[in-house]
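Chemist: Mind looking over this structure? Questions follow.
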Ligand code: ASP
C-alpha cells in the first residue's frame, strides 16, 4: 500500500484517464446538493476532488462528515474539467479527481482560526503554530530558509570550509548581551553559560590548524526581543586563518551570491561597496545605512559658524538634511517631537515653499548667501541637527529614515548591500564610566593604531566590519588579535585586571601563546537574512517556533516554573515567590 501516488499540486492534463491516490488536508468542502467538492491540499498545491454519489455512494456518505483540515486519502480518476469550470489561477485547474474511494485518515476539532483568514492575532498563530505553519506563507518561508541554508553549506564546502560543532554548554562568551545560565546538578552552585556565539571556540580551531571553519551555529542572547531579535537565533559562523579582511569579505559575498542563485533571483553585484564607519555616520547618520535612497546628511558647521543663532553658534557640529517637501507646521511639530525622542533639544528648520520663499524662525539669523549655501530647492525643507557629532548623527540618521519612509523615497525594488569597515575599537560606556568594546574584545586593532590603545582609546580604529543589506545589519566580523600581549593590553584597556583576564579567558591567552596564526572571521544572522529574502518584516515569520516579545512561547507555555525537587537537585532555592 502507498499513501499517495502524486502530490496534491501535481495532477495535470497528461494524467487524465489515470486512476491515482492523493492524500492531504481538506482545505474547503462545498456541498452542491448531491455532488460534494473538496479542495485537497498539501504544500505543493490543491487538487479538486469531486465526490459523486452515483459513482461512489460510500464516499458520498463519508464526504458529509468532512470538515476543514481533516486528513483525507482519495483514489479516483483524473478527468478534464468542462471548459466553463477550468480555473486558470490554479496549476491543477484543468483537471479534477472523480473519487472512487475516500478515507478519512484523521479528523480535526473545530479550528481556532481558518488558514485563509487575514490578520489572525500573532499569539493565536503561535499558540497553534502547527496550523499556522500549514499556510502557504509559512510553508514558503520555512522552505525558502531550507534552500538558503543548503546553498550556503554547499558554497562553504566548495570553498574548503569544514563544518565543526562547538559546545552549547560553555563559559560566557562576550558579545555584549546577557547570558543564559544553566545550573549544573553534578556541581551545585556552578553554571554553564549558553554561547552568545562560538567566538572563542572558532578562534581556538584556528590555533588548532583547522584553517577554514564554518558552522550554522545557534547563539543565545538574553536581550529584549524585537523584529530582528529572538533569544536564540542561527548564524553562519565563519573563521579563516592566514586571511586578510578582503579574503573574509569575499567568502561572505560568495555565500550571499549562492543564496540568491539558489532562489532563482538576480544576485547583487559583487564586490559590495565598502564604506568607512566614520563616513557612514556622517553621510547617513547610521552604521547600517539604507542606501536605497539618497537624502544624504550634509555639513553646515562652517556655514553657520559665527551665526547669531545661539544654538548654531555654540554647537561643535551643525549638519542638515534637505527633505524634498515643504513641511507644514503640524508636520514639523511632529518631526520635532520625534527628534526630541531621539535625543535632540529641538529641531531647527527652513521651509522653502514652492515659490522659493523661505519660512523659518531662524531665517532672520542667516544671510541670503548662507541660505543659498544649503542648496535647498523650492518645495523642500532643511532639517538641522546641532551638537556633539555622535548625537547629531543619531538624530539626523533617524530623521533621514523617517522622512525616507514617509515620503516614499525608498526604492523597494533595489537591493543595496554594503560593507561598513573601520569601526572604532572602543566605545565610551556612559553608564559605567569606562571604555567598552564596540565589537568584542578579540577584535584586531587597525594597523598603526595599536599605540592608541593606551594613549587615546577613543581614536583607535579596529579591524571590524559589518555587512548591511537595505538598512539591516546582517552580521559582523573582524580580523582578530592573534598575539597574547596585544590581547592582554586590550583587556587592560577594557578595565580587566590581569587576574580577571586570566580567570575568564586564561585558556585563550594560553592558546595565543602557543603558535596562533593570524585569523579573522564573520557571523551572519541567518534568520535576518532569510526574513529579508522572504520579504518578511520580522524574523518570527521565518522561524518555525519563535517566542513572542515578552520572551514566552505561547505553544509550549515555556518558560515555566519547575518543581521544588528539581530545584533542590540543582542546589537552587528561589529567593522570592515569583509574582
Ligand atoms: N562572534 C561575532 C558575533 O557573533 C561575530 C564575529 O566576530 O565573527 O557577533
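Chemist: Based on the mean of other Cβ atoms within 10 Å per residue, sort peptides 442-455, 81-94 so the most packed one is first.
Modeler: Result, highest mean first: 442-455, 81-94.
Chemist: Working from Cα positions, state the angle (0 to 90°, nearest 10) between the long axis of helix 389-406 and the longest principal axis of the chain.
Modeler: Roughly 30 degrees, rounded to the nearest 10.
Chemist: Below 8 Å between Cα atoms, with a sequence gap of 6+, how large is the relative contact order for region 34-177 in percent?
Modeler: Details: 159 pairs, mean separation 27.4, N = 144.
Once normalised by length, the contact order is 19 percent.
Chemist: On a 0 to 90 degree scale, rounded to 10, what angle separates helix 484-493 from the longest Cα axis of the chain?
Modeler: 80 degrees
Chemist: What nm distance separates the two modelled labels at residue 157 and residue 329, each placed 7 Å from Cα along Cα→Cβ?
Modeler: 6.8 nm
Chemist: Follow-up. What do you get for the angle between helix 136-158 and the principal long axis of the chain? Use alpha-carbon atoms, 0 to 90 degrees, nearest ten.
Modeler: Relative to the chain, helix 136-158 is tipped by roughly 60 degrees.
Chemist: Continuing with this model, one more query. Among 431-439, 414-422, 3-11, how do they line up from the highest to the lowest mean number of other beta-carbon atoms within 10 Å?
Modeler: 414-422, 3-11, 431-439
Chemist: Please compute the length gained on full extension between residue 3 and residue 305, using 0.36 nm multiplied by the number of residues separating them and subtracting their Cα-Cα distance.
Modeler: Stretched out fully, the residue 3 to residue 305 stretch lengthens by 100.7 nm.
Chemist: What FRET efficiency comes out for the pair residue 121/residue 67, r = Cβ-Cβ distance, R0 = 22 Å, nearest 0.05?
Modeler: 0.50
Chemist: Then there is this: Quick check: pseudo-label points 7 Å beyond the Cα along Cα→Cβ at residue 342 and residue 257, how many nm apart are they?
Modeler: Computed distance between label sites residue 342 and residue 257 equals 3.5 nm.
Chemist: Right, here's the next one. At a 10 angstrom cut-off on C-beta neighbours, averaged per residue, how do the peptides 477-489, 263-275 rank from highest to lowest?
Modeler: Ranked by mean Cβ neighbours within 10 Å, highest first: 477-489, 263-275.
Chemist: Now for a separate question. Report relative contact order for region 25-89 in percent, whole number only (criteria: Cα-Cα under 8 Å, sequence separation at least 6).
Modeler: Relative CO of region 25-89 lands at 30 percent.
Chemist: Where the centroid of each part is defined by its Cα atoms, how far is region 251-297 from region 387-409 in Å?
Modeler: A separation of 19 Å, based on Cα centres.
Chemist: On to the next question. Run the paramagnetic zone check for residue 86: 7 angstrom along Cα to Cβ, then residues of region 18-50 with backbone nitrogen under 17 Å.
Modeler: Counting only backbone N, you get 48.
Chemist: Separation between the residue 359 and residue 414 pseudo-spin-labels, each 7 Å from Cα along Cα→Cβ, expressed in nm?
Modeler: Rounded to a tenth, the inter-label distance reads 3.0 nm.
Chemist: Using R₀ = 25 Å, calculate the FRET efficiency as 1/(1 + (r/R₀)^6) where r is the Cβ-Cβ separation of residue 572 and residue 548; round to 0.05.
Modeler: According to the calculation, E is roughly 0.40.
Chemist: Follow-up. Quick one: length gained pulling residue 405 to residue 367 fully straight, 0.36 nm per residue minus the C-alpha distance?
Modeler: Numbers: separation 38, 0.36 × 38 = 13.68 nm, distance 3.23 nm.
Extra length available between residue 405 and residue 367 comes to 10.5 nm.
Chemist: Here's another thing I want to ask about it. I'd like the FRET efficiency for residue 130 and residue 503, computed as 1/(1 + (r/R0)^6) with the beta carbon distance as r and R0 of 56 Å, rounded to 0.05.
Modeler: It comes to 0.75.
Just so you know, all these numbers are worked out from the coordinates, no wet-lab data involved. Source: prediction; values computed, not measured. Counting neighbours? That spans all protein chains shown, and the Cβs are built from the backbone with ideal geometry, glycine included.
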